[in-house]
Amino acid sequence: MPSKSLGGNRPRRCTTLLLLPLLVCIPLLLQLQLLKDASRSANTHKDAGERLFLPPRARNDLNLGNNHTLLRNSTIISLSSNHTLLRSIAGAKRTDASHLQEAKRRADELARIAGKPPNLLCLIKKSAPFPSANRTPFGLVDNPLRSVYKVHLWDDGTYCKFREILYNHEGWHYHPNAIMVGSPDEADVVVWITTRARFEAERPPSDSHNVVLLDYSDGCPIHQFRRHLKHEIGYFKRSLVERVDGVYERRCTEDPTVLPFAYSGAEAQINRDVDGERPFVMTNMLRSGGNANEGVRGRAIEWTKNFAETRQYTKDQVLIGTVGHGQSGSNFDGKYLTQLARSKIVITANPNHWEGDSRLWEALLSGALVFVDQMVILDLLPHPFEDGKHLIYYDPHNETAFAQLLSYYVDNEDEARAIGLAGYRHTLDYHMTTSRVTYILTTIESKIVKKDKI
């Protein structure tokens, strides 16, 4: 009987022994591949001055000069609530454990200085140079605020929301009327950033005072956990507009306490060589397929192809298709941004059923003339864009009118160039991360009870 039992377990034990090397090796191979991919991505755009995003106060604390970065060409990503991995170490020819350990130490130090835990330290692989000490950050042309507020970015315990955390980390740190603090107990304003992608796991700041909820989620639903906030003073929602096949249908809610919001430009997206050569007549890097991309985006791709064929453009003159990572907002991919910067006209479109994405802002900050389908949300925010002055709106259901507009601006390059530059400057002045912070604070300022008065 014992021998039978032993014989019966032998195949299972052998299987375990065979699988053990795989269980050990696969995570290591995945880590090495992450490092390899990040290094390759960094090297493809090294001349563009890639920077690690770090607020000026934190940079000064680390004694970094304006022409230095602590970790060049690097990305820190969150693997869990207490672990970060440096994907590409500047100048590192080795990827051994000592380098990864040093990267973790530096990430923890940056997190300490920034007043944020590592799982919210979504720093940037591709970012622009920091504003110098002598230059006011972009986006503060219209800033009526006088008071300074202590602000805490709430960690709801869910995955790292790359773009959303970036926009807020940059905007609040750069803003002269905000001082970041590491605890909600110290803050005058607690900012909760959510995409609702894992809302069931989110931990809302239920007991915190002066909570601002920034809802970046797609579509109309209002956040289910809003009701748990005892002291909410502002709910700002991206995707406040519902569309049917790319056409405005209604405002998602009539609740006046749900306020309009939108993505913005970011320092990492700015084309610093806006007067550079633009060999491409036009670029369309939209993707088709899927619920968000069907309809409007699919038509925009098809119309661009039809126009290019009519004009007999070559692939060296018109680009239609994905570049780099093939999507907007993908860690500010160097190839993607470079293609925008080398284009005279950029054609983009919003998702089919809602308004608002990163593509519009990336295109505007390239300095190209931007074609985008008709929008409503931008008219609900301060300093809206004007059709024909800052960008070109097109009817997503009229190919003839689209082709006529495109033909006009292709044939009138000087006018196209002037509108592209006007949109670029308007974005830099009124629609950067700091601009959104100004909008939030001016909207809620009368409701803020400062911590020293609570």
*Among the residues of the range 400-416, is there at least one that is touching a Leu at 6+ places or on another chain (Cβ under 9 Å), of a type in the set (Gly, Ala, Ser) and within 30 Å of residue 310 (Cβ to Cβ)?*
yes
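This table checks each residue for (1) modelled with pLDDT of 90 or more; (2) out of contact with any strand residue (DSSP E or B) (no Cβ under 9 Å at 6 or more places or on another chain); (3) farther than 30 Å from residue 235 by Cα; (4) aliphatic (A, V, I, L, M).
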position	(1), (2), (3), (4)
266	yes, no, no, yes
279	yes, no, yes, no
298	yes, yes, yes, no
301	yes, no, yes, yes
304	yes, no, yes, no
319	yes, no, yes, yes
345	yes, no, yes, yes
*Have a look at 298, 276 and point out the one that is more than 20 Å from the chain's Cα centre (by Cα), surrounded by fewer than 22 Cβ atoms within 10 Å (Cβ to Cβ) and in a helix (DSSP H, G or I).*
298
*May I ask you to list the residues in the range 390-430 that are in contact with a strand residue (DSSP E or B) (Cβ under 8 Å, 6 or more places away or on another chain), charged (D, E, K, R) and touching a residue at least 40 places away in the same chain (Cβ under 8 Å)?*
413, 417
*Restricting attention to the range 393-428, which residues are of a type outside the set (Ser, Thr, Tyr), within 12 Å of residue 370 (Cα to Cα) and within 23 Å of the chain's Cα centre (by Cα)?*
420, 421, 422, 423
*Among helices (runs of 4 or more DSSP H) lying entirely in the range 339-431, which contain 2 or more residues that are open to solvent by 20 Å² or more (accessible area, probe 1.4 Å)?*
399-411, 413-430
*Taking interchain pairs and intrachain pairs at least six residues apart, which have beta carbon atoms under 7 angstrom, with the first residue in the range 157-180 and farther than 22 Å from residue 445 by Cα and the second of a type in the set (Lys, Arg) and at pLDDT 85 or above?*
157/203
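The values are calculated or read from the model by the stated rules, or taken from the named source; none is laboratory data. Note that the structure is predicted; figures quoted are calculated from it, not measured. Quick reminder, even Gly has a Cβ in these numbers, built from the backbone with ideal geometry, and neighbours come from all protein chains shown. Calculation scope for accessible area: heavy atoms of the full protein, side chains included, ligands and nucleic acids excluded. Shrake-Rupley method; radii C 1.70, N 1.55, O 1.52, S 1.80 Å.
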